[in-house]
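What follows draws every value from the coordinates through simple rules; no lab data is involved. Just so it is clear, the structure is predicted and the values come from calculations on it, not from any experiment. Glycine also receives a Cβ, built like all others from the backbone with ideal geometry; neighbour counts cover every protein chain displayed.
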Amino acid sequence: MENCIFCKILNKQIPSEFVYEDDYCFAINDINPKANKHILVIPKEHIESLNEISDTKIIQKLFEAIFKINEKLGIKAYQTHINTGKEAGQEVMHLHIHILAD
Ligand code: 5GP
Ligand code: ZN
């Protein structure tokens, strides 16, 4: 998807270190962290938001990735956030799950 920051990061048009990657998703550190650890878990498919999901399998895949990332980084206590829709604070219109941990 053109002009999508997360698609550009996935396609290496914008450099960003991947903290995790599999067939379905990738994860990066948030550029403006709101906790000591702030990671974004992002599906490789350009899905605008939770409202545009056609196959709920992606939710399972995203959470499986979260569990692996947390194990790798030793995160035991954390919040997960999903903002859905501009009015709810979604700034990047490509689905992502925030992991926030101190
Ligand atoms: P949202 O408000 O859409 O749920 O969250 C978008 C998040 O993406 C924000 O926390 C913001 O800091 C982060 N973000 C926006 N642009 C970039 C970027 O170019 N690189 C990284 N790593 N994070 C970004
Ligand atoms: Zn995208």
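Computed values, structure above
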| read-out | value |
| --- | --- |
| Search result, residues across the range 80-93 that are surrounded by 12 or more Cβ atoms within 10 Å (Cβ to Cβ) and either touching an Asp or Glu at 6+ places or on another chain (Cβ under 7 Å) or not in a loop (DSSP other than H, G, I, E, B) (or both) | T80, H81, M93 |
| Conditions (1) in contact with a helix residue (DSSP H, G or I) (Cβ under 8 Å, 6 or more places away or on another chain); (2) assigned to a loop (DSSP other than H, G, I, E, B): number failed by A77 | (1) |
| Filtered residue count, the range 28-69, keeping only those that are free of Cβ contacts under 8 Å to residues at least 60 places away in the same chain and not in a loop (DSSP other than H, G, I, E, B) | 22 |
| Residues (within 13 Å of ligand 2 (Cβ to nearest atom) and either at positive phi or of a type in the set (S, T, N, Q) (or both)) located in the range 79-96 | Q90 |
| Any hit, the range 3-12, residues being under 12 Å from the mean Cα position of the chain (by Cα) and over 13 Å from H94 (Cα atoms) | no |
| Filter result (in contact with a helix residue (DSSP H, G or I) (Cβ under 9 Å, 6 or more places away or on another chain) and away from ligand 2 (no atom under 16 Å from the Cβ)) within the range 28-67 | K37, I39, I59 |
| Enumeration of residues in the range 1-18 that are in contact (Cβ under 8 Å) with a residue 40 or more places away in the chain and either more than 10 Å from ligand 1 (Cβ to nearest atom) or exposed (fewer than 12 other Cβ atoms within 10 Å of the Cβ) (or both) | M1, C4, C7 |
| Residue list for the range 9-27, filter: in a strand (DSSP E or B) and touching a helix residue (DSSP H, G or I) at 6+ places or on another chain (Cβ under 7 Å) | V19, Y20, C25, F26, A27 |
